[in-house]
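Peer 1: Quick one: the structure is below, questions incoming.
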Amino acid sequence: MPQNQEIYRMLPHALRALREAINSHTPERIADCFTDDYVAERPLKPAEGFIGSDQVAANWQKILAGLPDIRAEILRYAQKGDMLWSEWEMRGTAPTGAPVVLRGPVVLTTRDGRIAWARFYPDPVATEGPAHITVSRVLDASPERLFAVLSDPRRHPELDVTGLLRHAETSRPVDAVGDTFVMAMHHDEAGDYQIENHVVAFAENQVIAWEPGPPGERPIGHRFTWRLTPADDGRTEVTQTCDWTAVSHPAWVARMPVVSAADLEGSLTRLAEVAA
């Protein structure tokens, strides 16, 4: 089960190339992972099957239009000759702002390092009850001042009302999707530990989001998102969301949510104070 960058480097070429191409958000690069006579099957939706890599690019143009920040991860894989079995998880944000998670297996064969046939089963994840908490407030500060605080992990302990964050182990602000930052944490029962946050959305002065996980491993599945919308008189509407739709490990599902609405409200109050 790939859980860190070292194991990702051990992925078979076809899987690694496809994951990297999807995360590049480039339809032509994705299509290049497939042979010209590629055959795609969707056993649960047979009408969506097709032949040819040209259709791959056309399909991904549509997918990226609806989920422009989609990120793909490979949870597990096995190989026997040219046959590969893999389990995928893809996460993105719909135009409405709603999180979307797709999860499921993909079986494929390769030829000369490219995918020649695949059978896709991933579908949207359905959850019972709410799987996110969202709070929003108009703050008396500009998007630029607020974003400068949010994008600098060294300022995050100033926003924390849970008492868990101690200090940032990362010494500079983040500035792109794919960046990571490590926070020193403390819990009365667990003691001292670290969390590595993976930046999964970044648009300067507009939105920033990160997904926490143990250092060197894939994120647990929950995501913290901050959205900034200019309001009147130089003020900003700040919306903060904690979403755990993608959490799948039973041990972590039982612990969600890791924060309350009151915690998120408190961090908005702290942000207003430090950005004033």
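Peer 1: Give the value in nm², to one decimal: projected area of the alpha carbon convex hull of the chain, averaged over all directions.
Peer 2: Values: hull surface 62.8 nm².
Mean shadow area of the hull around the Cα atoms is 15.7 nm².
Peer 1: Tell me the carbon and sulfur percent of the accessible area for the range 205-268, rounded to whole percent, probe radius 1.4 Å.
Peer 2: Values: 1410 of 2730 Å².
The computed percentage sits at 52.
Peer 1: Show that you can apply the helix-only estimate: for the chain, add -39,500 (n - 2.57) for every DSSP H stretch of four or more residues, divide by all residues, and state [θ] at 222 nm to the nearest 500. Before the final figure, lay out the partial values.
Peer 2: Details: 7 runs with 62 residues, N = 276.
After summing the helix terms and dividing by the residues of the chain, the value is -6500 deg cm²/dmol.
Peer 1: Shifting gears a bit: Report the charge-dipole magnitude of the range 166-236 in Debye, nearest 20, computed about the Cα centre from +1 at each Lys and Arg Cβ and -1 at each Asp and Glu Cβ. Present the calculation step by step, with values, prior to reporting the outcome.
Peer 2: On the way: 6 positive and 12 negative charges, 34 e Å.
Charge dipole of the range 166-236: 160 debye, to the nearest 20.
Peer 1: I've got another one for you. In the chain, if the dipole is taken from +1 on Lys/Arg beta carbons and -1 on Asp/Glu beta carbons about the Cα centre, which of 129, 274, 258 is farthest to the positive end?
Peer 2: 129
Peer 1: Antiparallel as a % of all DSSP beta bridges within the chain, to the nearest 5?
Peer 2: On the way: 68 of 72 bridges.
Counting only bridges with both partners in the chain, antiparallel ones make up about 95 percent.
Peer 1: Here's a follow-up. Rank 35, 26 by accessible area, highest first, at a 1.4 Å probe radius? Walk me through the numbers before you get to the answer.
Peer 2: On the way: 35 10, 26 50 Å².
Sorted by accessible area, descending: 26, 35.
Peer 1: Quick one: compute a quarter of the convex hull surface over the Cα atoms of the range 1-154 and quote it in nm². Intermediate results must be reported in sequence, preceding the final value.
Peer 2: Values: hull surface 48.9 nm².
With every direction weighted equally, the projected area is 12.2 nm².
Peer 1: Mind checking which of 68, 44, 231 is farthest towards the positive end of the chain's charge dipole, using Cβ charges of +1 (Lys, Arg) and -1 (Asp, Glu) about the Cα centre?
Peer 2: Value computed over the given set: 44.
Peer 1: In what sequence, highest mean first, do 42-55, 223-236, 11-24 appear when ranked by Cβ atoms within 10 angstrom? Working shown, then result.
Peer 2: Working: 42-55: 12.7, 223-236: 16.8, 11-24: 18.4.
Answer by packing, highest mean first, reads 11-24, 223-236, 42-55.
Peer 1: I'd like to check one number: the per residue accessible area of the chain, probe 1.4 Å, reported in Å² as a whole number.
Peer 2: Working: 13800 Å² over 276 residues.
With the other protein chains kept in place, the chain gives 50 Å² per residue.
Peer 1: Additional query: Compute the acute angle (0 to 90°) between the alpha-carbon long axis of helix 261-275 and the principal axis of greatest extent of the alpha-carbon atoms of the chain; round to the nearest 10°.
Peer 2: Once rounded, one gets 70 degrees.
Peer 1: What fraction, in whole percent, of alpha-carbon pairs in the range 65-107 exceed 14 Å separation? Each step should come with its number before you reach the end.
Peer 2: Details: 469 of 903 pairs.
Pairs farther apart than 14 Å: 52 percent.
Peer 1: If you consider only alpha-carbon coordinates, what radius of gyration and Dmax does the range 77-189 have, in Å?
Peer 2: Gyration radius and largest Cα-Cα distance of the range 77-189: 20.8, 61 Å.
Peer 1: Using 0.36 nm per residue of separation minus the Cα-Cα distance, give me the extension gain between residue 140 and residue 182 in nm, one decimal. Present the calculation step by step, with values, prior to reporting the outcome.
Peer 2: On the way: separation 42, 0.36 × 42 = 15.12 nm, distance 2.93 nm.
Result: 12.2 nm gained on full extension.
Peer 1: Which percent of Cα-Cα pairs in the range 121-276 sits in each 10 Å bin, short to long?
Peer 2: 11, 40, 37, 12, 1
Peer 1: Roughly how big is the chain's charge dipole about its Cα centre, with Cβ charges of +1 (Lys, Arg) and -1 (Asp, Glu), in debye to the nearest 20?
Peer 2: Details: 27 positive and 39 negative charges, 123 e Å.
Dipole size: approximately 600 debye.
Peer 1: Let me know the Rg and Dmax you get for the range 186-276 when you use only its Cα atoms, in Å.
Peer 2: 15.0, 47
Peer 1: While we're here: I'd like to know how the range 75-136 sits against the 2.2 N^0.38 Å rule of thumb: what's its Cα Rg over that expected value? Please list the in-between numbers first.
Peer 2: On the way: Rg = 16.0 Å, N = 62, 2.2 N^0.38 = 10.6 Å.
Normalised by 2.2 N^0.38 Å, the Cα Rg of the range 75-136 equals 1.52.
Peer 1: Hey, can you rank 170-177, 147-154 by average C-beta count inside 10 Å, highest first?
Peer 2: Numbers: 170-177: 13.8, 147-154: 19.6.
Top of the packing list down: 147-154, 170-177.
The values are calculated or read from the model by the stated rules, or taken from the named source; none is laboratory data. Quantities reported herein were computed from a predicted structural model and do not represent experimental measurements. Cβ: placed from backbone, ideal geometry, glycine included. Neighbour counts: every protein chain shown. Side chains are part of the model used for accessible areas, which takes the heavy atoms of the whole protein and leaves out ligands, DNA and RNA. Shrake-Rupley method; radii C 1.70, N 1.55, O 1.52, S 1.80 Å.
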